[in-house]
Amino acid sequence: MRTITLEEHFATEEFLAGPGRHLRAHPGQAELVDRLLDLGERRIAEMDQAGIDVQVLSLTAPGTEQLGAEEAAAAARAANRALAQAIQRHPGRFSGFAVLPTAAPERAAEELERAVREDGFKGAVINGHVGGRYLDDPFFWPVLERARNLDVPIYLHPTLPPRAVIETYYTGNFPPEVTSIFAMAGWGWHIETALHVLRLILGGAFDRYPDLQIIVGHLGESLPFMLPRLDHNLPPQLTKLRRTVGAYLRENVHYTFSGFNFLPAYLDLMLEVGIERILFSADYPFASMAEARSFLDHLPVSPADRERIAHGNAERLLRI
Ligand code: MN
């Protein structure tokens, strides 16, 4: 069975000296940093060992979204160049999502088109809010429009909530180290990303670009659980949108695993959005490829549906 994973990360030395400098701040993360930097034999050996055929790679969070326009443009171009070279060296094993200078939407749209046309990238990754601004802001719509025109998806990846949100929501009668995780992998990353998707829907982005496709990881970042409630309380009579919130979540969003190897959450996602919207991913190197593969192999689905999740849906969405 061919396996294509969609939320797989890398870093460059330049990125680790810039927006990713926190990754080197903890000596305990040296191994993780080595894996992020490797776009060659070691990564491929791990893929072979775990039974992963293709990684669709993206620059790890926070990407370029917290940089100013000029800095972001240079950083995005350098990271995309490094990734394009890795894909050229290992064309059957690596593919890519471009990172963009999202703070400068027209330039981001140009870089997306260049990366897709020149380097064969399959879409873009956007790491959440852009200095506190979200993609429902029409300021960013040139990027959405270009993705729609190129018929490529945007992977909406988690990032830290804005500073004011961390102080209000995630700081309390508990230690700072709890705040830190609570605001990130413990809760904040996921809820923040779910909120971002809802803002895109409620802001009318998918009424303006009905064919635009977004991908989110982590089994839907809690959205499947809330979908019936959203449909009940935010009907089109109130939102003035063309479709129900659930319809956008079923027609404009695809969902991957990214280390959420949790069966009840998977079943809820499957029941709410259907097999054809679910794609495989591991979130390497933050989560294990072998564990992701094992979870996929043991899902209680038909062989045909397992093939759809493992590669068929990705082949259709990314033309890969
Ligand atoms: Mn990730």
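The values are calculated or read from the model by the stated rules, or taken from the named source; none is laboratory data. None of the values given here were measured: they were computed from a predicted structure. Every residue, glycine among them, receives a Cβ derived from its backbone with ideal geometry; neighbour counts consider all protein chains shown. Accessible surface is based on the protein model in full, side chains and every heavy atom, while ligands, DNA and RNA are left aside. Shrake-Rupley method; radii C 1.70, N 1.55, O 1.52, S 1.80 Å.
General remarks:
- Residue ID - most open to solvent (accessible area, probe 1.4 Å), chosen from residues in region 217-228 that are free of Cβ contacts under 8 Å to residues at least 40 places away in the same chain and aliphatic (A, V, I, L, M): Met226
- Qualifying residues in region 145-162 (those that are in contact with a helix residue (DSSP H, G or I) (Cβ under 6 Å, 6 or more places away or on another chain) and farther than 23 Å from Phe257 by Cα) - the one most open to solvent (accessible area, probe 1.4 Å): Arg146
- Positions within region 1-33 being part of a helix (DSSP H, G or I) and within 16 Å of the ligand (Cβ to nearest atom), in sequence order: Phe15, His22, Leu23, Gln29, Leu32, Val33
- Close pairs (6 angstrom Cβ cut-off, 6 or more residues apart or separate chains): closer than 18 Å to Gly274 by Cα in region 239-251, in a loop (DSSP other than H, G, I, E, B) anywhere: Val245/Leu234
- Those helices (runs of 4 or more DSSP H) lying entirely in region 150-216 with at least 3 residues of a type in the set (A, V, I, L, M, F, W, C) and touching a residue at least 40 places away in the same chain (Cβ under 8 Å): 188-202
- Among the residues here, Gly40 qualifies as out of contact with any Asp or Glu (no Cβ under 6 Å at 6 or more places or on another chain), surrounded by fewer than 17 Cβ atoms within 10 Å (Cβ to Cβ) and at pLDDT 95 or above.
- Hits in region 66-81 - residues which are more than 16 Å from the ligand (Cβ to nearest atom), within 17 Å of Val116 (Cα to Cα) and surrounded by 21 or more Cβ atoms within 10 Å (Cβ to Cβ): Ala76, Asn80
- Some residue of region 49-65 being open to solvent by 60 Å² or more (accessible area, probe 1.4 Å) and in contact with a helix residue (DSSP H, G or I) (Cβ under 6 Å, 6 or more places away or on another chain): no
- Residue that is nearest to the ligand (Cβ to nearest atom) [pool: residues in region 238-287 that are part of a loop (DSSP other than H, G, I, E, B) and more than 17 Å from the chain's Cα centre (by Cα)]: Phe262
- Considering (1) open to solvent by less than 50 Å² (accessible area, probe 1.4 Å); (2) within 23 Å of Met47 (Cβ to Cβ); (3) aliphatic (A, V, I, L, M), the lone condition that Ala290 does not fulfil carries the number (1).
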